[in-house]
Amino acid sequence: MKFQGQILKMTSFDAQPIQYYLTLSGDLIHMNELFGKEITIKHTGFQCVNCNENKPIYRMGFCKSCFFESPYASDTIIRPELSTAHLGIAERDLQVEKQIQLQPHTVYLSYTGDVKVGVTRNTQIPTRWIDQGATFALPIARTENRYEAGVIEVALKEHLPDKTNWRKMLQDDFEGEIDLADFQQKIKEYFPADFQKFYSEGEELWKFDYPFEKPEKINSFTLDKKPEFSAKLTGIKGQYLSFEGGNFMNVRGHEGYVIEMEIS
Ligand SMILES: [Zn+2]
């Protein structure tokens, strides 16, 4: 079977274990069915997620000009605390920014090998956590917009990491239970005074089961370094495809790359 097309991050379905799907050639490929099979991937070009042109991808699936111009790649995507749509102030395109920012957001703790703090739109729950490879996640604050969630995150990241360390995430095979509620109690005092009202207690702890077993060693490669390769797919965690021998490819990191994929 041969497929070809633009890589976008895998969609996932929260089951035991999590089910992953990749869309290529308009086909929805159920990745869990490919475990144990030899996959050949060949990089053939680019398709920017914004303008669709065959231009090198700069970051997050965008070509360089779109990355610096599209409201979908603005600074507030990475740094929610810079949001200004609630003040009616545009960054790149107020209409789009209102859609993204003026909706309910959640501040959460997740465990990805470390306990970290993060922000997500409610509509991205639980996708956001699965994408980062979190084993556990706990909402700790519920806000009306992106700005409020961002301010809380900034205050808390003085005390906790806010980035996922992918190597730790892939190496982690923690099997107990992390008491994120206890963590939440401990950091409550770091909430900015005006934002205590968003604090949310007694939320459901999310737990995720990945189709993945930790290999002995971990190597990550990109299609820039390895434009063509064949290997046996063994599992998936977060957005990382795990191939035999401990080789990993981050699917999300290749958004906008055009590939041919052959399954034998
Ligand atoms: Zn573009």
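Consider T76 carefully, then state whether it is more than 20 Å from the chain's Cα centre (by Cα) and either outside the structural domain of Y240 (by TED's automatic domain parsing) or away from the ligand (no atom under 16 Å from the Cβ) (or both). So T76 fails the test.
Of the residues making up segment 79-105, not one is touching a Gly at 6+ places or on another chain (Cβ under 9 Å) and within 15 Å of the ligand (Cβ to nearest atom).
Among residues of segment 72-101 that are free of Cβ contacts under 8 Å to residues at least 40 places away in the same chain, those with a Cβ under 8 angstrom from a residue that is among the basic types (K, R), sequence gap 6+ or separate chain, pair up as A73/R59; S74/R92. Here the condition is being of a type outside the set (V, I, T) and out of contact with any helix residue (DSSP H, G or I) (no Cβ under 9 Å at 6 or more places or on another chain); of D114, D131, D182, it holds for D182 alone. Got at least one residue in segment 84-94 being more than 21 Å from E228 (Cβ to Cβ), surrounded by 15 or more Cβ atoms within 10 Å (Cβ to Cβ) and in the same structural domain as G235 (by TED's automatic domain parsing)? Looking for residues that are more than 21 Å from E228 (Cβ to Cβ), surrounded by 15 or more Cβ atoms within 10 Å (Cβ to Cβ) and in the same structural domain as G235 (by TED's automatic domain parsing), one finds none in segment 84-94, hence no. In summary, K116 fulfils each of the numbered conditions (1) surrounded by 17 or more Cβ atoms within 10 Å (Cβ to Cβ); (2) under 26 Å from L223 (Cα atoms); (3) among the charged types (D, E, K, R) with the single exception of condition (2). When residues in segment 237-264 are screened for being part of a loop (DSSP other than H, G, I, E, B) and of a type in the set (D, E), 2 of them pass.
The values are calculated or read from the model by the stated rules, or taken from the named source; none is laboratory data. As the structure is a computational prediction, the values presented were derived from the model and not from experiment. When we count neighbours, we look across all protein chains shown, and the Cβ atoms used for this are built from the backbone with ideal geometry, even at glycine.
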